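The values are calculated or read from the model by the stated rules, or taken from the named source; none is laboratory data. Since the structure is predicted, the reported quantities are computational estimates derived from the model, not experimental observations. Accessible surface areas use protein heavy atoms only, side chains included; no ligands, DNA or RNA. Shrake-Rupley method; radii C 1.70, N 1.55, O 1.52, S 1.80 Å.
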Amino acid sequence: MDSVNFLYIYIAWLITSVDSQVISARVGSTVVLPCELSSLPKPSMYIQWRTDFAVVFERSRRESYQGERYKGRVDVPEKQLFKGNCTLVLRNVWFNDAGVYYTYLFMKRSKRSLTRFIQRIKLEVYGKCFKF
Ligand SMILES: *[C@@H]1O[C@H](CO)[C@@H](O)[C@H](O)[C@H]1NC(C)=O
């Protein structure tokens, strides 16, 4: 790896480790992880939400993909996405949904695809009996 690439990765790491939002949700509730695109997405683009371990959700227009662990619980509504709203809705939150969520925008090109990192959000999940 050359030093320019290394520098890029280092800067990306620095940005993502500093600029992170934390959202708390109660187990069993519906949580909304906010996301906004700086410009309206083109039809050739698709949005991806993922964790360090798996893809959570992807959408390109009508076509969408729900990760195995998130089946039937997750969405970025199509109408919202094409207004530039990439907010993820996650229903029936489980304890093991806690973690860091990353959002990427992919731009399909004829031969290669470009990836743009949008943001990262940390999700914390607390129990039903939340007493001090
Ligand atoms: C963005 O989408 C979410 C989830 O669909 C929705 O709750 C929220 O109101 C939307 N925000 C705006 C500004 O439309």
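Taking H as built 1.01 Å from N, whose amide H comes closer than 5 Å to the amide H of A25, not counting residues under 5 places away?
E124, V125, Y126
Which pairs, out of K83/K108; K42/K79; K79/K128, put more than 23 Å between their alpha-carbon atoms?
K79/K128
Take D75, D97 and sort them by solvent-accessible surface of the protein heavy atoms, 1.4 Å probe, largest at the top.
D75, D97
When the accessible area of segment 20-126 is computed with all protein chains present and a 1.4 Å probe, what percentage of it is carbon and sulfur?
49
Just to confirm, what accessible area per residue do you get for segment 20-126 at 1.4 Å probe, in whole Å²?
For segment 20-126, the per-residue accessible area is 58 Å².
Quick one: if you take sqrt(5λ) for each eigenvalue of the C-alpha gyration tensor of segment 20-126, what semi-axes come out, biggest first, whole angstrom?
24, 13, 13
So how much slack lies between K111 and S20, counting 0.36 nm per residue of separation and subtracting their Cα-Cα distance, in nm?
29.5 nm
Gain in length, V89 to S38, computed as 0.36 nm per residue apart minus the alpha-carbon separation, to one decimal in nm?
Contour length minus Cα-Cα distance gives 16.4 nm.
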